[in-house]
Structures are given as structure tokens and as C-alpha cells.
Amino acid sequence: MKLKILILGCGSIGTRHAKNLRSIGVKDIILCDKDKSRLQSLANIIGTNLLYVDYKQAVKENKDLSATVICTPTSYHVEQALYFAKNGINLFIEKPLSHNLDKVKSLQKLVDSNKLVVMMGHSYMFEFGFIKLKCLLEKKTIGQIYFVTYLQGQFLPDWHPKSDYSVEYTARKNLGGGALLTLTSHSFYLIEWLFGRIKSIRGDIVTRVGKLDVDVDDSVFLLMTTDKNIIIQSQNNFIVPIHNHKIIVEGEKGRLEYDFVEKKIEILLRNKRSKIFGVDKGPNDRFVKEMKYFLSNVKNNNLDKNLNLESGIRFLQKMKNLVS
């Protein structure tokens, strides 16, 4: 099956997806971005002359479009997705689905009626370390799981050092930014994949703690329970100067720790020596696997429920009272 893929938004993640699509053999790649300079720069890198500043024009001139990869700011996602869905085009949408629940039901109806494949982007579910952690949990390595601590802290200006962080979507409320939507959406999908559906949020603090030039929340603290009665403590922020990202799982036999930054898993069992092993497959591995998975599902018209549109809606429903 020959695929023609449109990349909507040629920023950091759009550039990564375009490069990866080319590397795995997709020949027909269309690029769309309002920034003509950025558009041409990426076109030169991947070697395509299919360039548009208007995605509607791109659709009109490419009736054989297989799928669109939406990599624009969060607040634009649903409106853009609705247009593609009306035209019967499969979708890969970077998380989160949106900054609110407006029009998501209309999008779901269109997707269902047109029998479209819609996948939420969540690369962590394709990351080797998290996959290994899931295997260890399924093998009952530490027995019954009692509770989990999820920690993620980064410094926003370090994300894209060559850019002004204060004008990027993460820093701006009108574009759907903030730690809750940008970072907690990552941990939400991952927590549900590893520990079961989030049943309740018993405690929450969504606030601005740091001194960065942003008009959004920069720190989120949540206390949650899953449908497997596992208690989750989650902390996400983009203000700490030292990058940290860990999952600590406490169980009846001991503890599992995954350090995403150091790419290592440690198994600590009672009265036994700890075991540490590396899980580094490189920073791009998970993104390549993610895109291969999406293309496979487009070809087979099938999709894992963990990553479908409903999963994106579920995050927004759970967090709707927390979004300021």
C-alpha cells in the first residue's frame, strides 16, 4: 500500500516525524506550516517539493492523502482534526488532544462514521525502558503493587535552546500550554498503560511556582487511584534546573525504579542484592517505532485502544476541573 502523509506543523516534533517517515521509506511526504522559512528548511532536509501554508489547500490538491500527522499547538488540534476527519483522512494527533472538551464529541462521531484510524501520539509507550518495566510488573517481580511515585522535572528554556521559550506553545495559555497539558498528559497515558485506568483524583495542586516568563501553570502535583486500587503520586514541572524523570514502584516483595534520564532500571528485593541494567536504545528509537505502528494501523485499518481518540478524550475529561 502506497502511503502519502501530510505533516501539519514543522516545528521540533513535526521535523522529527518527517525525518523518521522518510527514513522508514515513505516517499510521498507533504509539509504544511504557516512559517515559510521553517517549511522550506525542512523540505530541503527531507527532499520534498510538496509544500503548503494552507492545509485545506493541501487536501484539495492531494485527494489520495492517506493520513495527517498533526503537530501544531494544542489549542488548534481539534479544529484541524475535524477538517481532515470530514474528508475521510486518518489522523495521528500529538498529545494532548486539546486544551478543553469543545467539539471533541463531534470529532469522535466523524471518526466513527468514517471508520478512521486516529492515534494519539505518545512515544513513551514505545520506549524500551518503559516496555521493560511493564514486563517486570507483569511478571510480578515485586509481587502486589502498593503505590507508585512518578517524578518528572525539566527546565523549559532547555527544551529548545535556540528558541525563545516564552513564545512557544508550552509557555502560552492561548495555545494550550502549561505543565498539566504538556507534561501530565505524558504521565497520564503511561500510568494507565502500566497500572490501570485512573479512577479518581483525590488531591491536586496545579500552580505556578517558578519565575519563568509564562502565563500558565508550571507545576502539577496529583494524588490518584487506579481501577486496580494502586495509589499514584505524580509530580510534573518545567522549572527545575536539573532534568529528572523517574518511576518508583513499591510492592510486597520490594521496589522497581526506572530512571528515564539515566536509562537504567533497578530491582530491589528484600534480603537480596539489587540488580541494575541499562535500557538505552537511543533518543529516536521510540519515535520511529511509534510512527511504524501508526502506519501499520493505517494499512490494516486497526488501532490499539490504549492510543485511540477515546484515550485522548479521557485525559481531558479527567483533567477538566484542573485546567485553568
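The values are calculated or read from the model by the stated rules, or taken from the named source; none is laboratory data. Everything quoted here is computed from the prediction, not taken from an experiment. Note that each Cβ is placed from the backbone with ideal geometry, even for glycine, and that neighbours are counted across all protein chains shown. Side chains included, ligands, DNA and RNA excluded: accessible areas come from the protein's heavy atoms. Shrake-Rupley method; radii C 1.70, N 1.55, O 1.52, S 1.80 Å.
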Could you pull out every one of the lysines with an alpha carbon less than 19 Å from that of Lys27, ignoring same-chain neighbours closer than 8 positions? Lys2, Lys4, Lys19, Lys63, Lys289, Lys292, Lys299
Charge tally for neighbours of Gly177 with beta carbon under 11 Å away, counting Lys, Arg as +1 and Asp, Glu as -1, is -2
Evaluated at q = 0.14, 0.16 Å⁻¹: base-10 log I(q)/I(0), Debye formula over Cα of the stretch 84-140: -0.55, -0.64
Treating cross-link reach as a plain straight distance, find the aspartates and glutamates whose alpha-carbon is under 19 Å from the alpha-carbon of Lys272, omitting any fewer than eight places away in the same chain. Glu250, Glu252, Glu257
Of all accessible surface on the stretch 193-324 at a 1.4 Å probe, what whole percent is carbon and sulfur? 45
Considering only protein heavy atoms, what per residue accessible area in square angstrom results for the stretch 142-252 with a 1.4 angstrom probe? 45
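Just need the relative contact order of the chain here, percent rounded to a whole number, with Cα pairs under 8 Å and 6+ apart. Can you show the working numbers first?
On the way: 631 pairs, mean separation 60.9, N = 324.
Once normalised by length, the contact order is 19 percent.
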For the stretch 183-190, what does the Karplus curve 6.51 cos²θ - 1.76 cosθ + 1.60, with θ = phi - 60°, yield as ³J(HN,Hα) per residue in whole Hz, taken in order and with x for Gly and Pro? 9, 5, 4, 4, 5, 4, 4, 5
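Over the stretch 87-146, what is the relative contact order in whole percent, taking alpha-carbon pairs under 8 Å and six or more residues apart? Kindly include the intermediate steps, with their values, before the conclusion.
Working: 30 pairs, mean separation 23.8, N = 60.
After rounding, I find 40 percent.
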Placed amide H near Val279: partners under 5 Å, 5+ positions off or other chain: Lys264, Ile265
Hey, could you pull the Cα Rg and Dmax for the chain, both in Å? 19.9, 66
Highest-fluctuation residue, Lys19, Lys132, Lys246 considered, GNM on the chain with Cα pairs under 10 Å: Lys132
Bridge type composition, the chain - antiparallel percent by DSSP, nearest 5: 60
Rg in Å to one decimal, and Dmax rounded to a whole Å, for the stretch 27-150 via C-alpha atoms: 18.7, 57
Provide the descending list of Cα extents for the stretch 183-324 along its principal axes, expressed in whole angstroms. 46, 45, 33
The stretch 1-59 pair-distance distribution - Cα-Cα, 10 Å bins, rounded %: 26, 60, 14, 0
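Only four residue types carry charge here, +1 at the Cβ of Lys and Arg and -1 at the Cβ of Asp and Glu. Report the dipole size of the chain about the Cα centre in Debye, rounded to the nearest 20. Provide the component values of the computation, followed by the final result.
Details: 49 positive and 33 negative charges, 193 e Å.
Approximately 920 debye in magnitude.
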Helix 309-319 versus the longest principal axis of the chain: what angle, 0 to 90°, nearest 10, using Cα atoms? 50
Heavy-atom accessible surface of the stretch 1-79: percent carbon and sulfur, 1.4 Å: 47
